[in-house]
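Worksheet: the structure to be examined is printed underneath.
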Amino acid sequence: MPDFQAILESIYQDAKQASDKGIVATYIPELAHIDKNNFAIHLRTSNGKCYGVGDFNKLFSIQSISKVLALSKAISLIGESVWDRIDVEPSGHPFNQLALLEINNGIPRNPFINSGAIVIADILVSNLENPKEDFLNYVRELSGDASINFNIDVAHSEQSTGFKNFAAANLLKSYKNLNNPVDKVLDFYFYQCSIEMSCSQLSSVFYLFANNGKCLQNKLHLTGSQVKRVNALMLTCGFYDEAGEFAFEVGLPGKSGVGGGIVALLPDHFVISTWSPGLNVKGNSKLGMLALEQFTTKTKLSIF
Ligand code: GLU
């Protein structure tokens, strides 16, 4: 077994010294003031051990990382019919791009670009009795951590500036791929994206994807084949139009968010979460990606 704590410490030392820490996302005003010197890594192994460096208990906005959890809830509610309304191909374009949605007649390329995540939000709004509360409880149940919550200021901040998401939802509606009112779906979507977690909570919540669908409390949420599909989508579509680069450098399925978080996993082995708010030009955490590249190189643990 590699000395995980020593490896994380050495990655942390390198990260602290990095001269270019990327640029914090400013298009959601509430996220613009986050200090880019925050840095954390947390590792949870399948044999129950945890390792961490930096601010791994500090909360941050998980943003698009929530799309994996929303997808997994939607699959557990309506199964394969999710794929009648969303494709499973990488987009090769930014997460909020709308042109492809038109070209594909209102069928989003995958569930992790914004239009796809908005269709998933529509599915959850249709199938959950109290969508926001039930979704939050689902996330809490996955980790056994009732302290996980929305950040209402972040949700409202995005509500007042998320014009492109309104455009995407209206476009979906025009193609009859949105059943509920635009405002209702986006209200849910903005709350979903506003969930805050620490790296240590993120590693717990995502444990089911490394553990054949069974969460930390040993409850089965997804079948083995459903987990295989979600992991495949994380590998091919989890990093905006940089999924190829992430597979090339890191070699793990994972998902990033504009809050600077990344979660990645090796089935049956571990979940690893990083947080560094500065982003690269593609919108992925600059130091988070570098840290994960170093981690899989030093430990020789990747799916390849
Ligand atoms: N709530 C963000 C948006 O819809 C999520 C973006 C992201 O993390 O990629 O723009």
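So here's what we get for this one:
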{"read-out": "Unique match (being touching a strand residue (DSSP E or B) at 6+ places or on another chain (Cβ under 6 Å), more than 16 Å from the ligand (Cβ to nearest atom) and closer than 30 Å to Leu266 by Cα) among Ser225, Ser204, Ser200", "value": "Ser200"}
{"read-out": "Helices (runs of 4 or more DSSP H) wholly inside the stretch 130-248 containing at least 1 residues that are among the basic types (Lys, Arg)", "value": "131-143, 163-174, 182-193, 224-237"}
{"read-out": "Residue tally, condition free of Cβ contacts under 8 Å to residues at least 60 places away in the same chain, within 16 Å of the ligand (Cβ to nearest atom) and in contact with a helix residue (DSSP H, G or I) (Cβ under 8 Å, 6 or more places away or on another chain), over the stretch 283-301", "value": "2"}
{"read-out": "Yes/no for Lys164 being surrounded by fewer than 18 Cβ atoms within 10 Å (Cβ to Cβ) and within 16 Å of the ligand (Cβ to nearest atom)", "value": "yes"}
{"read-out": "Among (1) surrounded by 24 or more Cβ atoms within 10 Å (Cβ to Cβ); (2) closer than 20 Å to Asn47 by Cβ - the single one Tyr207 does not satisfy", "value": "(1)"}
{"read-out": "Residue list for the stretch 253-271, restricted to those being more than 15 Å from the ligand (Cβ to nearest atom), within 16 Å of His42 (Cβ to Cβ) and within 16 Å of the chain's Cα centre (by Cα)", "value": "Ala264, Leu265, Leu266, Val271"}
{"read-out": "Residue list for the stretch 272-290, filter: within 13 Å of the chain's Cα centre (by Cα) and crowded, with 24+ Cβ neighbours inside 10 Å", "value": "Ile272, Ser273, Thr274, Trp275, Asn284, Ser285"}
{"read-out": "Residues of the stretch 255-285 satisfying the condition of being of a type in the set (Lys, Arg) and either touching a Ser or Thr at 6+ places or on another chain (Cβ under 7 Å) or part of a strand (DSSP E or B) (or both)", "value": "Lys255"}
{"read-out": "Output for the stretch 50-80, where each listed residue is basic (Lys, Arg) and either in contact with a Pro (Cβ under 6 Å, 6 or more places away or on another chain) or more than 12 Å from the ligand (Cβ to nearest atom) (or both)", "value": "Lys58, Lys73"}
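Every number in this text was worked out from the coordinates using simple rules, so none of it is lab data. Since the structure is predicted, the reported quantities are computational estimates derived from the model, not experimental observations. Neighbour counts are summed over all protein chains in view; Cβ atoms, including those assigned to glycine, are modelled from backbone coordinates with ideal geometry.
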